[in-house]
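The values are calculated or read from the model by the stated rules, or taken from the named source; none is laboratory data. The structure displayed is predicted, hence computed values, not measured ones. Please note: Cβ atoms are built from the backbone with ideal geometry, for glycine as well, and neighbour counts cover all protein chains shown.
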Amino acid sequence: MPELPELNPVVHGKLRLALLSLLAGVEEAEFTWLRSKTGSTDGNLGAQLLKLEEAGYIAVEKEFVERKPQSTYRITEAGRRSLSEYVQALKQLLGGAI
């Protein structure tokens with residue numbers, strides 16, 4: 001039996017995978033946009049974004065706009081590479097099923 005590919009546990013989380021996928025398709029995105037696209041709560045979204053940031057997969061810029069905090073996120077090259085490797089491993093794992 002061939003060896004099964006290992007799926008990156010940081011990328012594998014449902015919300016983290018969704019966030020990386022969304023960020024891969026845009027130059028940058030605000031927290032509120034990501035929240036509306038994923039339907040996540042502020043707390044869960046913040047925790048998952050922090051995990052991706054700590055892994056070096058996304059970068060964040062925080063500023064105040066009209067006295068309100070605004071966080072803007074973008075995917076890094078490491079994040080783009082990890083997402084691509086994850087998709088390739090998933091394809092290998094599924095084989096001819098897709």
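Would you list the helices (runs of 4 or more DSSP H) that sit entirely within the chain and hold 3 or more residues that are surrounded by 13 or more Cβ atoms within 10 Å (Cβ to Cβ) and within 12 Å of the chain's Cα centre (by Cα)?
Result: 9-12, 14-24, 42-54, 77-94.
Need pairs with beta-carbon distance below 6 Å; first residue within 10 Å of A29 (Cβ to Cβ) and within region 68-81, second modelled with pLDDT of 95 or more and in a helix (DSSP H, G or I); sequence gap 6+ or separate chains.
Cβ pairs passing all conditions: S71/F31; I75/L23; I75/A24.
Tell me which of these K68 doesn't satisfy, since it passes every other one: (1) at pLDDT 95 or above; (2) more than 30 Å from L93 (Cβ to Cβ).
(1)
When residues of region 32-49 are filtered for being under 13 Å from K14 (Cβ atoms) and of a type in the set (V, I, T), how many remain?
1
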